[in-house]
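Structure first, then comments.
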Amino acid sequence: MKSTEFVLFTLIACGLVTWLSRILPFVLLKKFNLPAKVVEFLSFVPITIMAALWFEGLFTQHIGHLPQVNYENLIASIPTVLTAILTKKLLLIVIVGIISLALVRLAV
Amino acid sequence: MDDSLSVESAVKDTLPTVFGYIGIGISFGIVAAAAGMSVWMATLMSLIVYAGSAQFILVSLLAIGTPMISIVLSVFLVNSRMILMSMTTANFFKKNSMFENIFLGSLITDESFALSMNKLNFTDGKLDFKWFNTVNVMAYLVWAASTAVGAMLGKVITDPKRFDLDFAITAMFIGLLYLQMISDKSIKLKVQLIIVLLMLPLVYFGLIFISSDLLILVVTLIGCALGVILKHEIN
């Protein structure tokens, strides 16, 4: 690990770029309107980004090769999806997910 | 989730996501401590950078002595999906002051974004500052506190996988994805289902070529484009 000063400056620089990517759209859209086409495009962001974040967790990456299936997460996803369909309650879905993975890890 | 935008309702809506922040926050603290960071530096990182997966990358790059400019660029790229989420959310806060917009933008996360998009389906497409800010601030504080706890634990435990809470975030996305699909009436369920299914091969094959964190942004852009095309084809 480098010096405390180096780490601190790096943190501040990283904080600045993440802050700008978060706030600039808010600042700019306050002044400008997006074309209807872009709004339609953005309407797909919620489902595509959530699906991507889920599916990404189902694999272990090996650049240059096919990814390896993460069976623990894949199996734990099944009761989680079922709970979503049956209960539609987010808290319950999360709790079932946590318990499912714990059980899968116990069994393996 | 209901149609109320009160602070109380925001706290209730955020509760299911808290497990995820705790699980990942503790894991992050442990990893940071293992890489030689002090408790206060790890916590400071969560307060200043506040970027989930980008923070894990930041710690590992620091540990191997990467130059500052490369670290900053990596963190920016990994977190650039925030631009898309902020763009989507900002449309609902056009009438709010610039200060409120900047404040909300500063603390927006994957999770608060997903929650707010779900909330819209219950509130006739309305969001307000008080509700969103409560969700954001709760997440921020829980994230920072969990990092501190994790960094302290990091002196004793070295394997964050022992906390099965790491699946909490994935479970939350599964839940929010399903709830979003069944309640967003602006896009036909059939279209949504096809797009979600298409994301699987996109992610699978994309993982061969692109680092997983950056891949999220790439496949999201492709998925949105496919969504627009499919929506017009089916209508």
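We did not get these values from a lab; they are worked out from the coordinates using the rules stated. Not measured: the values here are computed from a predicted model. Glycine gets a Cβ as well: all are built from the backbone with ideal geometry, and neighbour counts include every protein chain shown.
Can you give me the Kirkwood hydrodynamic radius for the range B:88-136, using every pair of distinct Cα atoms, in Å to one decimal?
The answer is 10.7 Å.
Straight-line reach from B:K95: which aspartates and glutamates have a Cα under 16 Å away, not including same-chain ones fewer than 8 places off?
B:D128
Return the aspartates and glutamates within reach of B:K188: Cα separation strictly under 17 angstrom, same-chain partners fewer than 8 residues apart disregarded; answer none if there are no such residues.
Excluding near neighbours in sequence, the set is A:E40, B:E233.
Name the residues whose placed amide hydrogens come within less than 5 Å of the amide hydrogen of A:F59, ignoring near sequence neighbours (fewer than 5 apart) on the same chain.
Counting only residues 5 or more places away or on other chains, the set is A:N70.
Over the C-alpha atoms of the range B:116-230, what are the Rg and the largest Cα-to-Cα span, Dmax, in Å?
Both quantities, over Cα of the range B:116-230: 18.0, 53 Å.
FRET efficiency for B:L47 and B:K94, Cβ-Cβ distance as r, R0 = 22 Å, nearest 0.05?
Numbers: r = 29 Å, r/R0 = 1.31.
It comes out at approximately 0.15.
At a 10 angstrom cut-off on C-beta neighbours, averaged per residue, how do the peptides A:45-52, B:139-146 rank from highest to lowest?
The densest-packed peptide leads the list: A:45-52, B:139-146.
Between the range B:76-107 and the range A:47-68, how many Å separate their Cα centres?
Answer, in whole Å: 26.
Let a ≥ b ≥ c be the square roots of the eigenvalues of the Cα gyration tensor of the range B:187-235; is it rounded (a/c under 1.5), or, if not, prolate (a/b larger than b/c) or oblate?
Prolate shape, in that a/c is at least 1.5 and a/b is the bigger ratio.
If neighbour count is taken as other Cβ atoms inside 10 Å, put A:E56, B:E8, B:E100 in order from fewest to most.
With the fewest neighbours first, A:E56, B:E8, B:E100 line up as B:E8, B:E100, A:E56.
Just the Cα atoms of the range A:1-81, one point each, no solvent: what log10 I(q)/I(0) does Debye give at q = 0.18 Å⁻¹?
Log-scaled intensity ratios, in q order: -0.95.
Taking a threshold of 26 Å on the Cα-Cα distance, which of the pairs B:K12/B:K231; A:K30/B:K231; B:K12/B:K185; B:K126/B:K185; B:K94/B:K185 fall above it?
Details: B:K12/B:K231 34 Å; A:K30/B:K231 28 Å; B:K12/B:K185 24 Å; B:K126/B:K185 15 Å; B:K94/B:K185 23 Å.
Checking Cα-Cα distances, B:K12/B:K231; A:K30/B:K231 exceed 26 Å.
Two decimals, Cα atoms only, Kirkwood Rh: what is Rg/Rh over the range B:7-186? List each step's numbers first, then the result.
On the way: Rg = 16.9 Å, Rh = 17.1 Å.
Here Rg/Rh amounts to 0.99.
Mind pulling the angle between the C-alpha long axis of helix B:168-183 and the longest principal axis of chain B? Nearest 10 degrees, somewhere in 0 to 90.
Roughly 10 degrees, rounded to the nearest 10.
Springs between alpha-carbon pairs under 10 angstrom, Gaussian network model over chain B: which of B:G29, B:G65, B:G125 fluctuates most?
Judging by the Gaussian network model, the answer is B:G65.
Within 10 Å of each Cβ of B:52-58, how many other protein chain Cβ atoms are there on average?
Rounded to a whole number, the mean comes out at 2.
Given labels modelled 7 Å from the Cα in the Cβ direction, how far is it in nm from A:S3 to B:V156?
Once both label points are built, they end up 3.5 nm from each other.
Convert 10 °C to kelvin, take the viscosity as 1.306 mPa s, use the Kirkwood radius over C-alpha pairs of the protein assembly as shown as Rh, and evaluate the Stokes-Einstein diffusion coefficient in µm²/s, rounded to a whole number. Before the final figure, lay out the partial values.
Details: Rh = 20.4 Å.
Roughly 78 µm²/s, to the nearest whole number.
Would you be so kind as to identify which of A:I49, B:N91, A:L92 lies farthest towards the positive end of the dipole of the protein assembly as shown, taking Lys and Arg as +1 and Asp and Glu as -1 on Cβ and the Cα centre as origin?
Going by the Cα projections, it comes out as B:N91.
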